[in-house]
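The values are calculated or read from the model by the stated rules, or taken from the named source; none is laboratory data. None of the values given here were measured: they were computed from a predicted structure. So basically every Cβ, Gly included, is an ideal-geometry build from the backbone, and we count neighbours across all protein chains shown. Calculation scope for accessible area: heavy atoms of the full protein, side chains included, ligands and nucleic acids excluded. Shrake-Rupley method; radii C 1.70, N 1.55, O 1.52, S 1.80 Å.
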Amino acid sequence: MTNHWPLFELRVRTPRLELRLPSIEQLDELAELAIDGVHAADFMPFVVPWTDAPPDELGRQVMKYHLSQLGSWEPENWALNFVVIHEGAVVGTQGMSARDFAVLKEFGTGSWLGRRYHGNGFGTEMRVAVLHFGFAGLGAEYARSDAFDDNAPSLGVSRKLGYQHDGIARLVRRGIPAAEIRLRLTRAEWEANHKLEVDIEGLEQCLPFFFKSTQDSG
């Protein structure tokens, strides 16, 4: 039991997957998974091309990123980066983040799977898990997702789950222009498309991490 950081006790489960904050050992496993490969060399799904780093740097970057997100957590600005576990093995990471969530009731998502785990439907299932956590657990009204226009798997997951087009942004990817598709899911659309069984464990003690107390600290 973690008394001062109850987020480590939080679990989100689907029929095949468990999402949780990683232990140091699981974070190291995630780093090894990234080194082993996330996508084809001639494709870049990320705005920041972090997977282009040399293997020895890549593993450290993965660990530093996850630890830094925990260290900078505030109820007004948070990023919850789960590891995704299937049959005891870390297969990827599914994140969700928000600014001023208590007011806006909106969050964004981002994820990656180890390349050897592609093609098993895990991407859809882990997205469903965090959507359930955001909408059913935290009471969100909107979810956002962004993907480059050539990232067919990510866009396919979003459209399958009921997201609607929300604009286009032109960004620089590996030094050249690229179009990013922005998508939005409303609570009503989520409820209409939500079919998978998802279980949340350990949420109640974590709620102050997502909603700033209204009590005067003075």
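Here are the numbers:
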| quantity | calculated |
| --- | --- |
| Neighbour net charge for L10 - beta-carbon separation under 12 angstrom, K R +1, D E -1 | -2 |
| Portion, in percent, of the accessible area of the chain that falls on carbon or sulfur, probe 1.4 Å | 51 |
| Alpha carbon Rg of the range 111-157, scaled by the compact-globule rule 2.2 N^0.38 Å | 1.26 |
| At 0.692 mPa s and 37 °C, Stokes D of the chain from Kirkwood alpha-carbon radius, µm² per second | 182 |
| The range 1-111, Cα convex hull volume normalised per residue, Å³ | 129 |
| The range 91-134, accessible area per residue, ligands and nucleic acids excluded (1.4 Å, Å²) | 36 |
| Cβ-defined net charge surrounding E76, 14 Å radius [Lys, Arg +1; Asp, Glu -1] | 0 |
| Rg over Rh, two decimals, the range 157-218 (C-alpha only, Kirkwood Rh) | 1.17 |
| Total lysine pairs whose alpha carbons fall under 29 Å of each other in the chain (8 or more apart, or interchain) | 6 |
| log₁₀ of I(q)/I(0) at q = 0.11, 0.15, 0.22 Å⁻¹ - the range 109-218, Debye sum with one point per alpha carbon | -0.45, -0.76, -1.24 |
| Residue with peak Gaussian network fluctuation, the chain [Cα springs, cutoff 10 Å], from E57, E189, E25 | E25 |
| Pairwise Cα inverse-distance average, inverted: Kirkwood Rh of the range 45-168 (Å) | 15.6 |
